[in-house]
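K.L.:
What follows is a structure written as structure tokens; I'll ask about it next.
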Amino acid sequence: QNPDKPPSSEEKSSGLEDGREESLDNPDQSVRKRIRQSTSGSHRDATPKSSPPRPVSIEELMETAKGVTNMALAHEIVVNGDFQIKPAELPEHSLEKKVRDIVHKAFWDCLEAQLKEDPPTYDHAIKLLGEIKENLLSFLLPGHTRLRSQITEVLDLDLIKQEAENGALDIAKLVEFVIGMMGTLCAPARDEDIKKLKDINEIVPLFRAIFSVLDLMKMDMANFAVTSIRPKLMQQSAEYERKKFQEFLEKRPNSLDLVTRWLQEAADDLAKLRCKMLPPHCSSDGATGGASALCSTAVQNQAYLNLLKWDHVNRPFPETVLMDQTRFQEIQLELEQCLLTGTVLLVTFSAAGPALADMPGFAEKIKTIVKVLLTGIHLPSFNLKESLAATGEKVCAEVNTCLSQHGFTPLSAERETVLKGQIQAVANSDNTICKLIDSRIQKFLESYLTSSHQKSLPAVPGGLGPIQRELEEIAIKYVRLVNYNKMVFSPYYDAVLSKILTKEEYQLAGKSEE
């Protein structure tokens, strides 16, 4: 499939019909049964193993790619409320753009040469009128009987050919009808483009502009189809995505290897964490009991939290969350900036004293300074130490200004030096304050995950008050993403985790007997 070509409404409708057929013909119980069979066949134990290579035909590859593309498109429509199809913009000096421009120029030069012949040759122009006719008819709804009759009657290609052969073809009159019909069918946002068409007098540039506006109208139609299909797709999107992933899994049985490794790491992390939380005087049996008290939901929540610390450069993302990798990465970057902002604010309030803590607008000014100076933190060329040094200078200046305006004594040179040093120390990975804020943010997100189906939301831990609004906005996006992913892929997670947790219970039981 051409990724630059906007999918038509027919393709979207066919995808929706597939989902409906699945919900009718293959109930959820049937799909879960196939999931258990797939996971049991591809994962004999919790350790992922690569499957032996199997020859794949081009037809199978194309069919699988189409299924994944449709699944990704349906997922994007449901998850991204602002999703829109946009025209492809090629890089200015790319080879593809150069080739496209050369081909287009040759195409329109050929049309111009034919029309300048004596007598003019209209073969090329008639073919273009036929394409315009098809485009106009594609915009019509079933009830547009009168408009359909008008287009069919005026753009009758057989009659146009006869007029061209007899030298009676008035192509300007046909183009005028086309522009008028486009003005009738286009969205209000395209009225200005239609108006510009009427100011073009030469035939070839006019044809070129007409096709350009028709492309925009097709894009508008596709976006209208997306908006129309979204409510229906949301009702059965989970079943549709699960069905498509199951088809992909049946063709590529090792497609849960990364998911298995991801969940195994989460189970190990959770077991270690719970062992640390046990009192030191507990016996080995008590430690075994604490570590074995893992449940599927807790492991899944830990796995989702691990995605917020993911090394996207060196580690492949788990298969079931791959379509949301960009979103998880954006949330991860927002949390990193939130962490730095919260740490700087905590250090600043500690150094400046309680006078500034309740001062209206002060925290927002500091947050703005940090946000501006830390822009581009995700780029490889970003120098965190330099940015934090500049942040320290700006924060100290802002603190002294606010203290002076409200009648307090500004910071001494020594206290300024200490504050700047504390802010610059945030760049160190083992910074105590930074670790404290990070652990509280993780705890807050974990509480949000566990209470996502409850009416009362968790309280923000101490020290995170100044960044509470930003944290809650991030948490809402994050939990929405996690809950939807669970809704789609929880049968796969349950199947994989049943093996992981069973294996760990056997190991812990063996240790207990020893």
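The values are calculated or read from the model by the stated rules, or taken from the named source; none is laboratory data. Computed from a predicted structure; not experimentally measured. Because the Cβ atoms are built from the backbone with ideal geometry, glycine has one as well, and the counts that use them run over all protein chains shown. Just the protein is used for accessible areas: all its heavy atoms, side chains included, with ligands, DNA and RNA removed. Shrake-Rupley method; radii C 1.70, N 1.55, O 1.52, S 1.80 Å.
K.L.:
Can you give me the P(r) profile for segment 95-226? Cα pairs, bins 10 angstrom wide beginning at 0, each as a whole percent.
P.N.:
Bins of 10 Å from zero give 11, 39, 36, 13, 1 percent of pairs.
K.L.:
When the expected Rg is taken as 2.2 N^0.38 Å, what fraction or multiple of it is the alpha-carbon Rg of segment 83-130? Provide the component values of the computation, followed by the final result.
P.N.:
Values: Rg = 15.4 Å, N = 48, 2.2 N^0.38 = 9.6 Å.
Normalised Cα radius of gyration, segment 83-130: 1.60.
K.L.:
Restricted to Cα positions, what overall size does segment 303-504 have along the principal axes? Three whole-Å values, descending.
P.N.:
64, 41, 29
K.L.:
Another question about this same structure. Determine the relative contact order of segment 95-226: mean sequence separation of Cα pairs under 8 Å and six or more apart, normalised by residue count, in whole percent. If you can, show how the numbers build up before the last one.
P.N.:
On the way: 60 pairs, mean separation 29.7, N = 132.
Reported relative contact order: 23 percent.
K.L.:
If you don't mind, another one. Spelling out what I want: for every residue of segment 178-195, take phi, set θ = phi - 60°, compute 6.51 cos²θ - 1.76 cosθ + 1.60 (Karplus), and round to whole Hz; glycine and proline get x.
P.N.:
4, 5, x, 5, 4, x, 6, 8, 6, 6, x, 5, 9, 4, 5, 5, 5, 4
K.L.:
What's the center-to-center distance, using Cα atoms, between segment 165-228 and segment 103-123 in Å?
P.N.:
20
K.L.:
Please work out the ratio of the alpha-carbon Rg of segment 182-275 to 2.2 N^0.38 Å and round it to two decimals. Display every interim value, and only then the final one.
P.N.:
Values: Rg = 25.5 Å, N = 94, 2.2 N^0.38 = 12.4 Å.
Cα Rg divided by the expected 2.2 N^0.38 Å: 2.06.
K.L.:
So, with a 1.4 angstrom probe, what is the percent of accessible area on segment 303-504 that is carbon and sulfur? Can you show the working numbers first?
P.N.:
Working: 5410 of 9830 Å².
Of the solvent-accessible surface of segment 303-504, carbon and sulfur hold 55 percent.
K.L.:
Shifting gears a bit: Which lysines have a Cα less than 23 Å from the Cα of Lys435, not counting those fewer than 8 places away in the same chain?
P.N.:
Filter leaves Lys272, Lys276, Lys309, Lys367, Lys371, Lys385, Lys420, Lys443.
K.L.:
Can you work out the FRET efficiency for the pair Lys232 and Asp358, with r the C-beta to C-beta distance and R0 = 45 Å, to the nearest 0.05? Kindly include the intermediate steps, with their values, before the conclusion.
P.N.:
Details: r = 51 Å, r/R0 = 1.13.
Calculated transfer efficiency: 0.35.
K.L.:
Taking all protein chains in place and a 1.4 Å probe, what share, in percent, of the accessible surface of segment 95-226 do carbon and sulfur account for?
P.N.:
On the way: 4300 of 7970 Å².
Summing carbon and sulfur atoms, their accessible area is 54 percent of the total for segment 95-226.
K.L.:
Just to check I understand the Karplus step: with θ = phi - 60° and J = 6.51 cos²θ - 1.76 cosθ + 1.60, what whole-Hz values come out for segment 379-387, glycine and proline as x?
P.N.:
7, x, 7, 6, 9, 5, 5, 5, 5
K.L.:
May I pose another question? What accessible area per residue comes out for segment 95-226, rounded to a whole number of Å², with a 1.4 Å probe?
P.N.:
Counting only protein heavy atoms, the per-residue value for segment 95-226 is 60 Å².
K.L.:
Right, something else. Counting only heavy atoms of protein chains, what accessible area per residue, in Å², does segment 349-401 have with a probe of 1.4 Å? Could you put the intermediate results ahead of the total?
P.N.:
Values: 2840 Å² over 53 residues.
Value for segment 349-401: 54 Å² per residue.
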